[in-house]
Amino acid sequence: MAAFGVLAVVLSVYCVCFLVEGTYMVYNTSGGVVPEKINVHLVPHTHDDVGWLKTVDQYYVGSNNSIQVACVQNVLDSLIPALLADKNRKFIYVEQAFFQRWWRQQSDGMKETVKVLVSSGQLEFINGGMCMHDEAATHYIDMIDQTTLGHWYIKRDFNVTPRIGWQIDPFGHSAVQAYLLGAEVGFDALYFARIDYQDRAKRCAEKNLEVIWQGSKSRGSSSQIFTGAFYAGNYEPPTGFYYEVNDDSPIVQDDIELFDYNVQERVDAFVAAAYFQANVTRSNHIMWTMGTDFKYQYAHTWFRNMDKLIHYVNQDGRVNTFYSTPSIYTDVKHALNESWPLKSDDFFPYADRVNAYWTGYFTSRPTSKGYIRVLSGYYLAARQLEFLLGRIKSGLTTDSLADALAIAQHHDAATGTEKQHVADDYAKRLSIGYEESKDVVAASLGCLTQSPLSSECKSPVTNFNQCPLLNISYCPATEVDLSVGKKLAVLVYNPLGWKRTSVVRIPVINENLSVSDSTGKLILSQLLPIVNASVSTRKFYVSAYTGESPSSAPKYWLAFTAVVPPLGFSTYVISSGQSSATTELIPNTVDTGSIEVGSGNLKLIYSGKNGKLMKYRNSRNSVNVSLEQSYTYYVGSTDELQASGAYVFRPNGTHTIQFEEKIPLTVYRGTLYDEVHQTFSSWVYQTTRVYKEKEHTEIEFTVGPIPIDDGNGKEIVTQLKTMIGNNKTFYTDSNGRDFLERIRDYRADWDLQVDQPIAGNYYPINLGIYIKDKNTEMSVLVDRSVGGSSIIDGEIEIMLHRRLLHDDGRGVDEALNETVCALDTCMGLTVQGKYYLRFDPLGEGSKWRRSFGQEIYSPFLLAFSEQDDKWTNFPTPTFSAMDPSYSLPDNVAVITLQELQDGAVLLRLAHLYEVGEDNDLSSLATVELNRFFQNRKINKIKEMSLSANQERAEMERKRLPWKVEGSNTEPLSDLRGGPIDHVKLVVELAPMEVRTFILDFNSDIVPYNMR
């Protein structure tokens, strides 16, 4: 309101005297909203990082305090009696990873007490996930899973559903967070702190910190959510109002018999801070976030001072204040019946000051990011197999991996912004989770190969082994000598909902091998040598991972094409015999002309003179473009005002990585694919694969150890250069879902002042990035979270690795200098990963980006079993959970299929396309559940909210509708799939829609009993 700015000038002449004798005092904390005054909503909270400077367990129990004095157990122990002392006090809590640790330790009496506090609204769960997940380096499926796990705990223990999103610390905010993890879980509002400092300044000036955020053009008005950014850019109280026992803010001293009486001074300071915030906030309601990291370890000091502030400020009368929560604040804002500005796209990238773009963490700790992504896809498949086996019968569960993955989504975990010992702790938890889940997978596959009906399996006969280090050619299960009368059974499981054909590669020691399918028919295979670069990486990292040096090394990669039904497996048998195909070696001594690679539609053309890539040619769609690829590093800035570090990307100079003039190049030609090996430097090695039956290029890179003997930290990128005229425009995904348009050196919401032309144009990539002009699209898909951009027209660059020698001053107090120790030596981290490249005529690239993107996230799951020479095959050599004549539509993916503890089944289906993205597949899709679940009868089905903690109809009924400013606010689309037909059991999905169901195959569903 306009008058608020004027009121501040009277502070110096307005005085009310407060005198309290040193006797027992009862403070009046019972106030509420006063319509004609500024209302200050005091929101007591603690922000508890699920790992950062200390591990999650160290934070909980309060150990390792030489790093940080923080104990979440103390917070929760202290909080309950403080709330019981005054029924008007309130508190919000977020991180279920901590709360569940505490809850398990409480007596029945304490649990009943806490339930009363929750029921009365004194204690409210906000956000409600296991952690406060990151929004840049996380995949939407992981975000859903960790939120669902936390929400189920809350529903199970308290029968409540969180109403508010509270993403106060992540370093930028994604469109998917707004519409999928906000509106679709039933939140009425979303609040956060960190937006770009230039954006915040403009929003403060225009009173636009609170908006209606429509995160998806495809989901239309249903994706809208009321959103508030905190005015100061942090989630702390105003300066001078911190009340932990060791904080230096002045307490409210109201005993006149003691020195330092300061009631009037503190009231004046409170009113001044309230007026300041009111001047940048719409309406007469403002929120004070009364807490910050790991506060309320002695809750009484906070509440005692807030009690006094409420009492004396309200007596003063200039402003009104009271205990509140974000839910109360949101309800009051909604009751104003005002219209709010509309926000689209997202809040990336984030800079907190000049030269300080937090875009480095998009790539920081790339092996951790890769490990999370691999296990995320594995967890999806493992839950499917757990369902097919039957969770209750097996006694084995995937719960440990669920917990580890949930914690790994935290905004100081997936981001790579934690201390090294904390990163090690996350990896350890993931490894333990994998080890337990692989037993579930092995048991399920063992039973399913005996009989397609898991009920007939008492104990599996076949012991299946898996190979988590297959990426570095280490797989003991396949490195067996098959020349002595043995066979190797290879089971290939496909977690996707459609039939899939892909090449499988496994390391072997024998040369003369044949591959047969489940009918005994010989199929085409290919043998390639394992190169020296891979052997050295394998030896070092196997020793680092297992603690033992491998006694021998395989000599070859054996490759064959697997054809696998949806949600099912095919089996193949490898035995000694004449290989059906050989590989031709093209030496690297060619000095003139060109080298053509690829035996199918796709050809890559290399220069025989310098070994560089020159052209990309597809004979099917007539795409013929010039293409160059290079590796470059940015020197990390060491500026004392702002260095490059775990969070911040600040380059200081660019250098090309290349062996002199010529790049050593070796080509292997085969019947299934051709392979190009290039050595760009002693620490950058690349293998490019062109598959005969595919129209994309697979590029496998090995980068590291990054040299630092020159005293410079380095940030490694690969650059792809074409003649595409993309006019500063490129597209990156939001957490693997919607693609957002990016324009170099431009922001839609403010006039960007460019101070970092490279770092300021970096965006997070979880699925891919593409550019286009009027004729052609170039798409790059990735296997993990990375940062990338189009810094120059016609180019795409992706950051692959970072090694830095200075801290960037954002709290972690440790340089991003990852090292690995094994074989009596320590060296910088080496990262091995893949990205995928394809060109298409304009408008045709989305099919590949969406379908192959699913294959990257959900690769084949391989399992191996050694058999004797007389063995032929399994009783059930092939299997599909679906009707043999059915598969999911090309635009639908099953992203969750999970049996819960009570026997109910959680099913999520996701439409993969946006409105207008593809002429054919951006349309309404249908899924026939009776054919999806073969040999299972669905007795009951309920559609749920995204996190499955309430029925969808109830969620939609409760959600608050909001008004949007302006006339040009009609949604492009608000299409939804219709209600499920309970007779035909057909589910409709509109573009970008995710639908969640609880199914019952047996008896009455008892929902939410997960553990």
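Considering only 789, 646, 416, and ranking their Cα positions along the charge dipole of the chain that arises from unit charges at the beta-carbon of Lys, Arg, Asp and Glu, the one farthest toward the positive end is 789.
Which value, in debye to the nearest 20, gives the size of the charge dipole of the range 418-567 about its Cα centre, when Lys and Arg are +1 and Asp and Glu are -1 at the Cβ? Before the final figure, lay out each step's value.
Numbers: 14 positive and 12 negative charges, 72 e Å.
Here the range 418-567 has a charge dipole of around 340 debye.
Can you tell me the dipole magnitude for the range 596-678 around its Cα centre, using point charges on the Cβ only (Lys, Arg +1; Asp, Glu -1), in Debye to the nearest 20?
Magnitude of the dipole: close to 480 debye.
Compared with the direct C-alpha span, the chain from residue 530 to residue 104 gains 148.3 nm at full extension, assuming 0.36 nm per residue.
In the range 809-880, a dipole from Cβ-located charges (positive for Lys and Arg, negative for Asp and Glu) runs towards its positive end, and of 832, 859, 816 it is 859 whose Cα lies farthest in that direction.
Starting from the Cα gyration tensor of the range 49-160, take the square roots of the eigenvalues, sort them a ≥ b ≥ c, and report rounded, prolate or oblate (rounded when a/c is under 1.5, otherwise prolate if a/b is larger than b/c, else oblate). Note, shape of the range 49-160 comes out oblate. Judged by the ratio a/c of the largest to the smallest principal axis of the C-alpha gyration tensor, the range 440-485 counts as oblate, that ratio being 1.5 or greater while a/b is no larger than b/c.
Here the range 405-531 is treated as a Stokes sphere of Kirkwood radius computed over C-alpha pairs; at 37 °C and 0.692 mPa s its diffusion coefficient rounds to 182 µm²/s. Expressed as a whole percent, the proportion of Cα-Cα pairs in the range 365-460 lying more than 15 Å apart is 59%. 3J(HN,Hα) along the range 766-780: 10, 10, x, 9, 8, 10, 7, 10, 6, 10, 9, 10, 10, 10, 10 Hz, from the Karplus curve 6.51 cos²θ - 1.76 cosθ + 1.60 with θ = phi - 60°, whole Hz, x for Gly and Pro. Between the residues 102, 671, 120, the greatest Cα displacement towards the positive end of the dipole of the chain, with unit charges on the Cβ of Lys, Arg, Asp and Glu, is found for 671. By the helix-only formula, in which each DSSP H run with n ≥ 4 contributes -39500 (n - 2.57) and the sum is divided by residues, the chain has a 222 nm mean residue ellipticity of -7000 deg cm²/dmol.
Calculated FRET efficiency, residue 459 to residue 866, Cβ-Cβ distance, R0 = 22 Å: about 0.70 to the nearest 0.05. Straight-line cross-link reach from residue 937 at under 20 Å between alpha-carbon atoms covers these lysines, not counting any fewer than eight positions away in the same chain: 393, 984. If you bin all the Cα-Cα distances of the range 661-807 at 5 Å, starting from zero, the percentages per bin are 2, 8, 14, 17, 19, 17, 12, 6, 3, 1, 0. Most tightly packed first, judged by the mean number of other beta-carbon atoms within 10 Å of their residues, the peptides 818-831, 470-483 read 470-483, 818-831. Counting only Cα atoms, the size of the range 749-793 along its three principal axes is 30, 30, 20 Å, in decreasing order. Across q = 0.28, 0.32 Å⁻¹, the range 713-764 modelled as identical point scatterers on its alpha-carbon atoms has Debye log10 I(q)/I(0) values of -1.27, -1.28, in the order of the q list.
Computed across the range 284-400, the Kirkwood hydrodynamic radius from all distinct Cα-Cα pairs reaches 20.9 Å. Residue separation of residue 821 and residue 926 scaled by 0.36 nm, minus their Cα-Cα distance, works out to 32.6 nm of gained length. Compared with the rule-of-thumb size 2.2 N^0.38 Å for a compact globular protein, the range 766-859 has a Cα radius of gyration ratio of 1.43. A protection proxy built from the mean count of other Cβ atoms within 10 Å ranks the segments 873-884, 634-645, most packed first, as 634-645, 873-884. Label separation (residue 596 vs residue 753): 5.6 nm, computed from points 7 Å beyond Cα along the C-beta direction.
Straight-line cross-link reach from residue 940 at under 13 Å between alpha-carbon atoms covers these aspartates and glutamates, not counting any fewer than eight positions away in the same chain: 981, 1000, 1004. Dividing the mean sequence gap of close Cα pairs (under 8 Å, 6+ apart) by how many residues the range 198-275 holds gives a relative contact order of 16 percent.
Each peptide among 367-379, 333-345 gets the average number of other Cβ atoms lying within 10 Å of its residues, and from highest to lowest they stand as 367-379, 333-345. Taking a straight line from the alpha carbon of residue 615, these lysines sit under 22 Å away, with near neighbours fewer than eight places off in the same chain left out: 603, 662, 692, 694, 721, 772, 774, 834.
In a fully extended conformation the segment linking residue 641 and residue 883 would gain 80.8 nm over its present Cα-Cα distance, using 0.36 nm per residue. Look at the Cα gyration tensor of the range 491-630: its axes a ≥ b ≥ c give a/c of at least 1.5 with a/b at or below b/c, and that counts as oblate.
Here the chain is assigned +1 on the Cβ of each Lys and Arg and -1 on the Cβ of each Asp and Glu. Its dipole about the Cα centre then comes out at about 2440 debye.
Which links in 54/369; 54/428; 369/728 stretch past 25 Å when you go from one Cα to the other? From the list (54/369; 54/428; 369/728), the Cα-Cα distance tops 25 Å for 369/728. Remark on residue 189: its backbone amide H falls under 5 Å from those of 165, a criterion applied only to residues 5 or more positions apart or on other chains, H modelled at 1.01 Å from N. Over all other residues within a Cβ to Cβ distance under 14 Å of residue 766, the charged ones net out to -1, with Lys and Arg as +1 and Asp and Glu as -1.
Every read-out reported here was derived from the displayed coordinates using simple, explicitly stated rules and does not represent laboratory data. Computed from a predicted structure; not experimentally measured. Ideal geometry is used to build each Cβ from the backbone, glycine not excepted, and the neighbour counts take in all protein chains shown.
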